[in-house]
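Trainee: Let me begin by handing over the structure; questions about it come next.
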Amino acid sequence: MKKAFVAFILLTFISTSRAAKVTDWLESYNVLWTSQSKGSYESMPCGGGDIGLNVWVENNELLFYISRSGSLDENNCLFKSGRIRVKLTPNPFINSNFSQQLNLRKGFVDVNAGNTNIRLWVNVFSPVIHVDINSKEKLSAEVYYENWRYKDRPVSKGEGNANSYKWAIPKGLVTKADVIENSADKVFFYHKNDAQTVFDVTVAQQGMDSVKNQMYNPIGNLTSGGMLFGDNLKFAGTASGEYAGTDYKSWCMKSIKPSSSHHILIALHTQQTESLDQWKQGLADLVKGIKSNDDQKKTQAWWNSFWNKSAIRINETNKDSEAWKIGRNYQLFRYMLGCNAYGSYPTKFNGGLFTFDPARVDSTLNFTPDFRKWGGGTMTAQNQRLVYFPMLKSGDFDMMKSQFDFYLRILKNAELRSKVYWNHEGGCFTEQIENFGLPNPSEYGWKRPANFDKGLEYNAWLEYQWDTVLEFCDMILETKEYNNEKIDKYIPLIESALTFFDEHYRMLATQRGRKVLDGDGHLVLYPGSACETYKMAYNSTSTISALKVVLEKMIEYSAADSTKSARWKQMLSTIPPITIKEESGKKMIAPAKLWERINNVESPQLYPVFPWRVYGVGKKDLDVAVNTYLYDSDALKFRSHIGWKQDNIFAACLGLTKEAQRLASLKMKDSELRFPAFWGPGYDWTPDHNWGGSGMIGLQEMLMQTNGEQILLFPAWPAEWNVHFKLHAPKNTTVEAELKDGKVTNLQVYPAERMKDVVVMIKK
């Protein structure tokens, strides 16, 4: 017994020491401000679990916006739960030293003024926000819950872009009022959706009423809201005001007596139920379970564990260098992703949980703080994938489940589309897809020719673009490869997505002629789409690459099931080859065999490089892919670092070190806002999460790639950038390495037997 105890103590010491060693570097990346902010656009992110706060101090008052994943109204707008304002008397912010700091290691924001500290943190495991105020003198506190949805608000022209109606808002559309109630010591706030929502409108529009009773509906009768309270607070009345051009009503809680400490809590609860009493009971149960001290310890332990998983630290000893800032911003953005680790919905590409007053993104958009472009419950697949791909190498496998579950929940509805419209199997997942699995109604088209195929979007950008779901299927399969994740529940999703392409294009072929395959026994993938760019495409390269790679992985996954394995082998034999073209005497990858027009500025001719990794460092015909990057006229014309652009990733995956460095420096430099990782708007919104995600992926690929069993280190990393990184690789492998002055000074591979597969590629 004594020996066991000693062993436990020793193990604890070793583990603690290792944790300290790993996380000490984080302190240098903490964001510190020594002056107050001018508005919400100069806010700092804070969060955990599935809650995001925008925190700032303005005019000697503490403010923060509250966002929670899955808070969706009848119109499918992802709205904020409200804004909190804290006033202290005597006011420590007047004539005192000021600081506001994001503590990455422990996941909180500290605001200090004079002898007063305010700490904001969010419980990772339960949706509760904590505001802890401690001072050397006794203070009175006023805490205001501010809400701009205190009344029905007409949705004005342009404002519909925040919901599923987008630019085609119906006459008289309103954002319905929240309910705000108070008791002697609490403020309750909630938004209860009607049974009838934009879901019902979309089902009717798209001719799906016959199967409506079978369909998944996530927003009907959804109630989102919470409660503001504290152990020394009483209700003190209401008031009105205006902030950033939007009127609001406030409910004030005031301290019963001055105190040197105040503990303010906001508990949030979301539930889909017809009964409001059920929702209120769920909120009450949540509040009963709060144990602040224990919850804080568990939350801080989670963040510590989060940072121990992975990191990229560049030029650590030179904080003035641009390269150091790139490393810092990588960590800051990963922190923002960690704030929605366990959300009911994936982190949205268009602002995540950290949007702010829209006029500060675009001065013409004088809307409420709920506004963002490209919808709330609408997911754009091409954008979303960039938010989630970097989580493989960062080891954040637990955070990927919200994105996978999103597709799993809507699988039934996607399959019903195929049955109703075309009477074949397989789920049809569109590019702009609602959280209930149908195309966005405005992208689908309100004014459609009477005889137009009901299964198709009447949309020049989105028509026939169905293949992005295969990237999420690939991610699912990769989580098994990387971390031996159990993915059984997702296999029906992958099988259904593959089945759709097989059955749909065979069906289309029978409508055109006698044969279902071409002369070489291949599917004729027409009409198709190479991203949103090459339209009415014949044998799109992005589609072919996706089908080939996912089928190969499914054959391997199904090896023990001869029937399924044979099925996928047969389908693989029908997938046509990628089209290779020749331009100026150089072989290049074509975006498709043929196409009729160009609509956007993506480069699907390079999708066989990423995400599909058909070409890359150490792989066959690398020169063909390099030629495509360097010389393809469209790829050159479309090249950029802004927003969702992936040129930095392509360059890294092709081993083009100088080009990858150039684009990484542009993409990951400080944003134009006060918080360095609030990039945007790019093509979408601020903060632009697909901008940050593509930046993360690019840095990861510069540092580490795989080719079969090989682990390639520094395949596109500039020798002049010192770096210390820890990243994940397939087969439950982690690699930690340090490069200093062009030499690898430290290399650790777990498990150790994978060391034999490591190839160091740094070039001076």
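Trainee: Pairs of alpha-carbon atoms within less than 8 angstrom and 6+ residues apart define the contacts here; what relative contact order does segment 592-720 have, in percent?
Mentor: About 22 percent, as a whole number.
Trainee: Beyond 35 Å, what share of the Cα-Cα pairs of segment 335-760 is found? Please give it as a whole percent.
Mentor: Tail of the P(r) past 35 Å holds 27 percent of the pairs.
Trainee: Measure nothing fancy, just the Cα-based angle from helix 491-512's long axis to the longest principal axis of the chain, in degrees from 0 to 90, nearest 10.
Mentor: 40 degrees
Trainee: May I ask you to compute the full-extension gain from N746 to Q278, defined as 0.36 nm times their residue separation minus their alpha-carbon distance, rounded to one decimal in nm?
Mentor: That works out to 162.8 nm of additional length.
Trainee: Something else about it: Quick one: angle between helix 411-422 and the longest Cα principal axis of the chain, in degrees between 0 and 90, rounded to 10, please.
Mentor: Long axis of 411-422 versus the principal axis of the chain: about 40 degrees.
Trainee: Given a Förster distance of 41 Å, report the FRET efficiency between D194 and S140 from their Cβ-Cβ distance, rounded to the nearest 0.05.
Mentor: 0.50
Trainee: Return the calculated 222 nm mean residue ellipticity for the chain, to the nearest 500 deg cm²/dmol, obtained by summing -39500 (n - 2.57) across DSSP H runs with n ≥ 4 and dividing by the residue count.
Mentor: The per-residue figure over the chain is -9500 deg cm²/dmol.
Trainee: Just how far, in whole angstrom, is segment 474-535 from segment 90-125 if you go by their alpha carbon centroids?
Mentor: 51 Å
Trainee: So I have (1) 113, 71, 49; (2) 85, 66, 58; (3) 88, 54, 53, and one of them is Cα extents along the principal axes in Å calculated from this model. Which one is it?
Mentor: Of the listed options (1) 113, 71, 49; (2) 85, 66, 58; (3) 88, 54, 53, (2) comes from this structure.
Trainee: So what's the angle, to the nearest 10 degrees on a 0 to 90 scale, between helix 322-338 and the longest Cα principal axis of the chain?
Mentor: Once rounded, one gets 80 degrees.
Trainee: Using the C-alpha atoms of segment 27-309, what convex hull volume per residue, in cubic angstrom, is computed?
Mentor: Cα-based convex hull of segment 27-309, divided per residue, equals 153 Å³.
Trainee: How long is the gain from V601 to D453 if the chain were fully straight, where each residue apart is worth 0.36 nm and the alpha carbon distance is subtracted?
Mentor: 50.6 nm
Trainee: I'd like to compare 647-658, 719-730: which one has the highest average count of other Cβ atoms within 10 Å, and what's the full order after that?
Mentor: Answer by packing, highest mean first, reads 647-658, 719-730.
Trainee: Just subtract the alpha-carbon distance of S156 and D209 from 0.36 nm times their residue separation and send over the number in nm, one decimal.
Mentor: 16.2 nm
Trainee: Could you check what % of the DSSP bridge pairs in segment 335-760 are antiparallel, to the nearest 5?
Mentor: Of all bridge pairs located within segment 335-760, approximately 90 percent are antiparallel.
Trainee: If I take every Cα pair under 8 Å that is 6 or more residues apart in segment 212-321, average their sequence separation and divide by the length, what percent do I get for the relative contact order?
Mentor: 26 percent
Trainee: Could you grab the relative contact order for segment 27-309? Cα pairs under 8 Å, six or more apart, rounded to a whole percent.
Mentor: 19 percent
Trainee: Right, here's the next one. So how far, in whole Å, is the C-alpha centre of segment 344-358 from the one of segment 621-636?
Mentor: So the separation of the two Cα centres works out to 35 Å.
FYI, it's all coordinate maths here, none of it is from the lab. The shown structure was predicted, so the numbers you read here are calculated from the model rather than taken from an experiment. Cβ sites come from the backbone with ideal geometry, for glycine too, and all protein chains shown count toward neighbours.
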